[in-house]
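A.B. asks: First, the structure itself, so that you have it in front of you.
The values are calculated or read from the model by the stated rules, or taken from the named source; none is laboratory data. If you're wondering where the values come from, they're calculated on a predicted model, not measured in any experiment. Neighbour counts are summed over all protein chains in view; Cβ atoms, including those assigned to glycine, are modelled from backbone coordinates with ideal geometry. What goes into the accessible areas is simple: the full protein's heavy atoms, side chains included, and nothing from ligands, DNA or RNA. Shrake-Rupley method; radii C 1.70, N 1.55, O 1.52, S 1.80 Å.
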Amino acid sequence: MNKRISLTLLSLAVAGTLLGSLPAQAAPARITIMVGGINKMVYLPAKLAEQLGYFKEEGLDVELQSQPAGVDAENELLAGAVQAVVGFYDHAIDLQTKGKEITAITILGQVPGEVELVSTKSASHFQSMADARGKTLGVTGLGSSTNFLTQYLASRHGISSKQFTVLPVGADNTFIAAMKQGRIDAGMTTEPTASVMLKSGDAQILVDMRTVEGTVKALGGLYPASSVYVQRNWLNGHKDEAQKLARAFVKTLKFINTHTAEQIAEKMPKDYYGNNKPLYIQALNNSLPMYSQDGKMPKGGPETVLAVLSGFNPNVKGKHVDLSKTYTDEFVNQVK
């Protein structure tokens, strides 16, 4: 073997040894998040975090999936099909009474962001939830948070769930169709659907829970709603991933709270606002007060949610619930 070939082989061997000693680049942690209606503004932080690149910045490979109702997203989590859910915190309390433990690691909404709309056709004889008796009320799904809240609002006027009909109609276009077709007298929905219905003149507001003031009036206190929750068993074994998720979502909340509705809309995919961007921006302006500033559980929030669920839900009423297991600020507290 000549000298030149020997030196070449020696160089390749040394290079191979050096490369082998370098730490392998870790693949991004893959996490699937199920969203209880990804187009709803109550869950906007999920898509916005993706659009802003915050998941990738944290070394996460996140896939966002969508189900029309939070209860469907919850079922996917319990089945182990996804690692996290962006849905309403009240499911954590409801499920604990059924022997299942999920924990919210970031609170996205300090209030529900929901609106109880009444069809303009029914408005003359349906002027408050005290008139719900005998009516058909639309919710996203049976067992959903909209179902929880609808039952509670009626119960505050002495009306039990047996005295009205609940019809699952989903959200967005299916909700709009149900109201326009007269299949529901009233229904609970979120933005941007609420603004679409109000602008068209097909609906009026009965109960507005998009703001702190409206929520306290309707429910008696702050009602932490949209959140990022996971199964407690998963959390115990994946604290690093949970920390990264919390950091990405808190950064997103800070973006929301330091930018205008117009600036936020610019970051969203075009199919979120279609051909009516001004209406989308208006709906987003209506929604901005509901978002948390820091991702932390608001003081007194879990107690309000428990009181609401106990007001009508036989699974919760009179049962012991360890609220400390339904959420944790451990991860958002570490975000600077």
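A.B. asks: To the nearest 20 Debye, how big is the dipole of the range 177-249 about its Cα centre, given +1 on the beta carbon of each Lys and Arg and -1 on that of each Asp and Glu?
C.D. replies: That gives a dipole near 180 debye.
A.B. asks: Another question, if that's okay. Can you give me the distance in nm between label points at LYS199 and THR174, each placed 7 Å from the Cα along the Cα-to-Cβ direction?
C.D. replies: With each label point 7 Å from Cα toward Cβ, the separation is 2.3 nm.
A.B. asks: Between the alpha-carbon centers of the range 59-103 and the range 265-299, tell me the distance in whole angstrom.
C.D. replies: What the calculation gives is 22 Å, centre to centre.
A.B. asks: With charges set only on the Cβ (+1 for Lys and Arg, -1 for Asp and Glu), what does the dipole of the chain come to about its Cα centre, in debye to the nearest 20?
C.D. replies: About 260 debye.
A.B. asks: Please list, in order along the range 54-61, the HN-Hα scalar couplings obtained from phi with the Karplus expression 6.51 cos²θ - 1.76 cosθ + 1.60 (θ = phi - 60°), rounded to whole Hz, x for Gly and Pro.
C.D. replies: Working through the residues one at a time gives 6, 5, 5, 4, 8, x, 10, 9 Hz.
A.B. asks: If you don't mind, another one. Would you check the accessible area of PHE312, probe 1.4 Å, heavy atoms only, in square angstrom rounded to 10?
C.D. replies: The accessible area comes out at roughly 40 Å².
A.B. asks: If you don't mind, another one. Whole number please: convex hull volume per residue of the Cα set in the chain, in Å³?
C.D. replies: Convex hull volume per residue, Cα atoms: 167 Å³.
A.B. asks: Additional query: Each label point is 7 Å from the Cα along the Cα-to-Cβ direction; what then is the distance between the points at GLN181 and THR258, in nm?
C.D. replies: 4.7
A.B. asks: Tell me, what is the percent relative contact order of the range 160-238, built from C-alpha pairs under 8 Å that lie six or more residues apart?
C.D. replies: 15 percent.
A.B. asks: I've got another one for you. Using a probe of 1.4 angstrom, how much of the accessible area of the range 271-318 is carbon and sulfur, in percent?
C.D. replies: Percent of accessible area from carbon and sulfur atoms in the range 271-318: 49.
A.B. asks: Which Cα, out of PRO224, THR189, GLN151, lies furthest along the positive dipole direction of the range 129-236 (beta carbon charges, K/R +1, D/E -1)?
C.D. replies: Farthest towards the positive end: GLN151.
A.B. asks: Sticking with this one: If one computes the Cα centroid of the range 110-153 and of the range 197-255, what distance in Å separates the two points?
C.D. replies: A separation of 19 Å, based on Cα centres.
A.B. asks: Right, next: With a 1.4 Å probe and every protein chain kept in, tell me what percent of the accessible surface of the range 124-244 is carbon plus sulfur.
C.D. replies: Using a 1.4 Å probe with all protein chains present, the range 124-244 comes out at 47 percent carbon and sulfur.
A.B. asks: Give the residue list of trypsin sites (Lys or Arg not before Pro) in the range 65-167 that are DSSP loop and have at most 12 other beta-carbon atoms within 10 angstrom.
C.D. replies: Counting only loop positions with at most 12 other Cβ atoms within 10 Å, the trypsin sites (Lys or Arg not before Pro) in the range 65-167 are LYS98.
A.B. asks: Continuing with this model, one more query. With a point put 7 Å past each Cα toward its Cβ, work out how far LYS277 is from ALA123 in nm, to one decimal.
C.D. replies: Simple spin-label model gives 3.1 nm for this pair.
A.B. asks: Additional query: Would you kindly work out the equivalent ellipsoid of the range 152-290 from its C-alpha gyration tensor and give its semi-axes, the square roots of five times the eigenvalues, largest first in whole Å?
C.D. replies: Output for the range 152-290: semi-axes of 29, 23, 16 Å.
A.B. asks: So with the 1.4 Å probe, I'd like the accessible area per residue for the chain, rounded to whole Å².
C.D. replies: 44
A.B. asks: Tabulate in residue order the Karplus-calculated ³J(HN,Hα) for the range 273-280, using 6.51 cos²θ - 1.76 cosθ + 1.60 with θ = phi - 60°, rounded to whole Hz; enter x for Gly and Pro.
C.D. replies: For the range 273-280, the Karplus-derived couplings read 10, x, 8, 10, 4, x, 5, 4 Hz, x marking Gly and Pro.
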